[in-house]
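Inspection log for the structure reproduced underneath, given as structure tokens.
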Amino acid sequence: MPALPAWHVPRPALWRHLEAAAPGTLVAVVAPAGSGKTAVLAEWARHGEGPTAWVGLDRDDADPDRFWSAVHAAVLASGAVPAGDPLHHLTGDAESLADALLAGLAALPVPLRLVLDDVHVLADRQAGVRALARLVRHHPPGVRLVLAARSDPAVGLPRLRLEDGLRELRADGLRFSVGDAGALAAASGVALASEDVATLHRRTDGWAAGLRLAVLALRREGGAPGLVRFSGDEPSVADYLGGEILAGLDPDDRALLDDLSVCRRLPDALAAALSGHADVARRLEELTHGLGMVDRVAAGEHRLHVLLRAHLAADLARRRPDRHRRQHAIAARWWAEHAEPAHALYHADRAGDPSLTTELLGPLAVALLLRGELPALRRALRSVGDGALRADPRVALVAALAHLEARELPAAARLRLARRSWPAAPDRDLVALRAASELLAGARPTPGDAVTADDPGVAGLLHLARGTARLAGPGGDAATAATARGELHRALATARAEGFSHLEQAALAELALAALAEGDAAGVVGPGEAVVDAPGPPAPRTVALLAWSDLLRGEPARAADRCADLLDAPALAPADRYALRAVHGDAVGDLGRRGPGLAAARAARADLGAAPLAAPLAEALALLEHRAALRLGNLRAAGEVAAWLAGRVGEATDADTLMRAWTEAATGRWEAARAAVASLPRSPATVLVEARLLESEAALRAGDPAGGRAALDAALALGRTRDLVRPFALAGPLTRALLLEGTATPHLRRLAAACAAVTDEPAPPLSERELVVLALLPSLLDAPTMAEELVVSVNTVKTQIRSIYAKLGVSTRRAAVAEARERGLLV
């Protein structure tokens, strides 16, 4: 029995699997060279119950006399044969020795494990195969017979499997897990980080010999940096594969593996195209059982072991570079015909033929983009260079879209290249692709509804672009938002029908924005959650939209948590960072820290600068900040954000009207506020609900309870359909009192709870004269000096100071300064 090496990694689960075999069951461990068969069996022999007889076979043991003598000697060496047992004195030729040995084994007083290692060496001679088959057929139940081989021994394994008389352990079961790989590296004196262990495991596919050779190479090269260069072409791996795996392989089989080695995935139809053999599936299946380094991964698909494939491909590129390139070109065209653009362009690039890449890129680029396979697309675009973009407007347009996706400046240059190379008679798909590209780049003034496309991908992209373009403008028009939603739903249907995952996510993200544009807090949730739950990197803007929805639905803590999780993410786009910071600041304010919350929102807006921002999102965030400023009595900050929004959207909007009405109400001019919002028929739901609540408060203050109730009922009806809670919690005190009179429905109970959570009323704003006096309070000037400075009487200054203290809720000058700074009234 071989000794276990010092770097051996215990694998008790495997030998326990073997130990569980029923008495009389044949145990077969079949896997390629270097899979760790011998080590697992030796470990089992040391830990399992009872004695073990170990036979390490070589080619000479195919002679029956030698075979039976070797088995006999191993049995005697196991310690299972009592003194005086006839087995100690067996002699004779192979036949008589076999008969006596089998009879003696049946009479042993203790169970015996009999391991035959390297059984595959017997396959070259029929006499050796027959001797092995006899042992398998006639071994007594008290002897657990174990065969270890690189390929299936010819002893009737299918029959035994059918009769439930076989316990198997094959290459898949012997592969090292990631944890085992890390343990082997550590036992070999190589310290690796977890991500390096995962890379090591992936590069070797868990193959024991590959792992050991890789670890030795890493030890020579100083650790993890050597992983970058490790592959099947590493000298020690190449030597092992050549000497232990490929040596003696039939030349036709070797040629077949060479031809197939250029592909990581091998559907049988692709293998037939690469090899020119219609029966390639049968031959691969034979290699699966014979060589052991070929796996059937699914019905109709095989795979070469990762290190073997890398070795063969590198060897083919060295010995026969023309054939290597030819095989990649065949694979490129096959994958293109089977709707796998990323695979097709990878092989085209490996074929070293830019013209082939250009040829394939035209029809494949849109599908790559819409599936989100952007690395493959960008790699192909780099490969063909600007020359192909100048020659093919379709490729130039897709290049522009790829740059837009990454928010990179070259997008505009790519659009110019497409215009310069524009054909005299473009087909419909090319016209539609240009329209979509220009809409998404903001370079087209109208959505171009008359443009149509035949290709599903281009049509879906055009629907997305139209919906996005309609949402990019100022909000407040429900009809526009509804039209945008219709386009986006058509894009979504196409994406799902064609498997365009990236288009699906983009359409869902824009649908979430459309819901915000309509003031529909509930409508954001479905598409928004679908985006953030999808695999891949986070979607910051959509997270901000969901946080806005949380806030409007009365869940500020959840909104704050959503934003906080992403605020430290690297490389956030300016608009995304602003949206996250602004909603986070408003959520913090709702949780009781109104001063810091407003300060955070104002700072976020200042940091945004002139970066582009969708108009509906700008309006929604401006409304949040304006309301926060008014709750602190900070009219200047409220006016500042209103002016910012007007500069952004360039025209009067319903959001602007609502902010003016809020300002009127904050300064006590309720009738003016009521008049301002009396006619907003097409506004987002959030604006309409806020307008009705303003009308309700104004009516109640004017002694019109019927008008107040009617306006409140209108707000409730719309708020319930959009799941709006926050506007009711921040409504005027008379409106909230009227609301609390009825709590019959779950929705009303939610609103009542939200109202009860508001314990502070909006602070009364300071007048312009009071703000002037407030600015002098941090100084050391006394009241007479202030009066002299302002050219007013001392009594006037004192009156204004008392009014400032009352409005700020303080009683000392120091406290007034601190509170004013908290509210943003003083810098």
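The values are calculated or read from the model by the stated rules, or taken from the named source; none is laboratory data. No experiment lies behind these values; they were computed from the predicted model shown. Backbone-built Cβ (ideal geometry, glycine too); neighbour counts: all protein chains shown.
Quick notes on this one:
- No other residue among Ala406, Ala396 is under 17 Å from Leu461 (Cα atoms) and modelled with pLDDT under 85 apart from Ala406.
- Failed item in (1) crowded, with 20+ Cβ neighbours inside 10 Å; (2) at pLDDT 95 or above, with Leu304 passing the rest: (2)
- Region 204-221, subset surrounded by fewer than 20 Cβ atoms within 10 Å (Cβ to Cβ) and under 33 Å from the mean Cα position of the chain (by Cα), residue modelled with the lowest pLDDT: Ala217
- When residues of region 799-812 are limited to those that are assigned to a helix (DSSP H, G or I) and more than 55 Å from the chain's Cα centre (by Cα), the one surrounded by the most Cβ atoms within 10 Å (Cβ to Cβ): Gln800
- In the set (1) surrounded by fewer than 20 Cβ atoms within 10 Å (Cβ to Cβ); (2) part of a helix (DSSP H, G or I); (3) not basic (Lys, Arg), Tyr346 fails one condition alone, (1).
- Single residue of region 77-101 satisfying the filter (under 60 Å from the mean Cα position of the chain (by Cα) and of a type outside the set (S, T, N, Q)) that is surrounded by the most Cβ atoms within 10 Å (Cβ to Cβ): Ala80
- In region 631-668, the residues that are small (Gly, Ala, Ser) and free of Cβ contacts under 8 Å to residues at least 40 places away in the same chain: Ala638, Gly639, Ala642, Ala643, Ala646, Gly647, Ala652, Ala661, Gly668
- Thr743 being modelled with pLDDT under 85 and touching a helix residue (DSSP H, G or I) at 6+ places or on another chain (Cβ under 6 Å): yes
- Counted residues, region 269-303 - those being part of a helix (DSSP H, G or I) and farther than 30 Å from Val119 by Cβ: 6
Quick grid of which residues meet (1) surrounded by 14 or more Cβ atoms within 10 Å (Cβ to Cβ); (2) under 20 Å from Arg627 (Cα atoms); (3) of a type in the set (D, E, K, R); (4) touching a strand residue (DSSP E or B) at 6+ places or on another chain (Cβ under 7 Å):
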| site | (1), (2), (3), (4) |
| --- | --- |
| Leu724 | yes, yes, no, no |
| Arg736 | yes, yes, yes, no |
| Arg750 | yes, no, yes, no |
| Cys755 | yes, yes, no, no |
| Ser767 | yes, yes, no, no |
| Ala775 | no, no, no, no |
| Val797 | yes, no, no, no |
| Arg823 | yes, yes, yes, no |
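- Failed condition for Cys263, given (1) closer than 20 Å to Gly206 by Cα; (2) assigned to a helix (DSSP H, G or I); (3) in contact (Cβ under 8 Å) with a residue 60 or more places away in the chain: (2)
- One residue from Ala396, Ala424 being buried (at least 23 other Cβ atoms within 10 Å of the Cβ), aliphatic (A, V, I, L, M) and either assigned to a helix (DSSP H, G or I) or free of Cβ contacts under 8 Å to residues at least 60 places away in the same chain (or both): Ala396
- Matching residues in region 666-691 - criterion: being more than 21 Å from Ala638 (Cβ to Cβ) and of a type in the set (Lys, Arg): Arg682
- From the list Ala336, Ala331, Ala317, Ala313, the lone residue that is over 30 Å from Leu249 (Cβ atoms) and not β-branched (Val, Ile, Thr) is Ala336.
- Checked against (1) within 30 Å of Glu285 (Cα to Cα); (2) in the same structural domain as Ala31 (by TED's automatic domain parsing), Ala181 passes all but a single condition, namely (2).
- In this structure, Ala611 does satisfy being free of Cβ contacts under 8 Å to residues at least 40 places away in the same chain and either assigned by TED's automatic domain parsing to the domain that holds Trp662 or outside any helix (DSSP H, G or I) (or both).
- Members of region 174-192 that are surrounded by fewer than 16 Cβ atoms within 10 Å (Cβ to Cβ) and out of contact with any helix residue (DSSP H, G or I) (no Cβ under 7 Å at 6 or more places or on another chain): Ser177, Gly179, Ala186, Ala187, Ala191
- Within region 93-124, the residues that satisfy the criterion of being under 26 Å from Pro2 (Cα atoms) and either outside the structural domain of Pro64 (by TED's automatic domain parsing) or among the charged types (D, E, K, R) (or both) are Arg113, Asp117, Asp118, Asp124.
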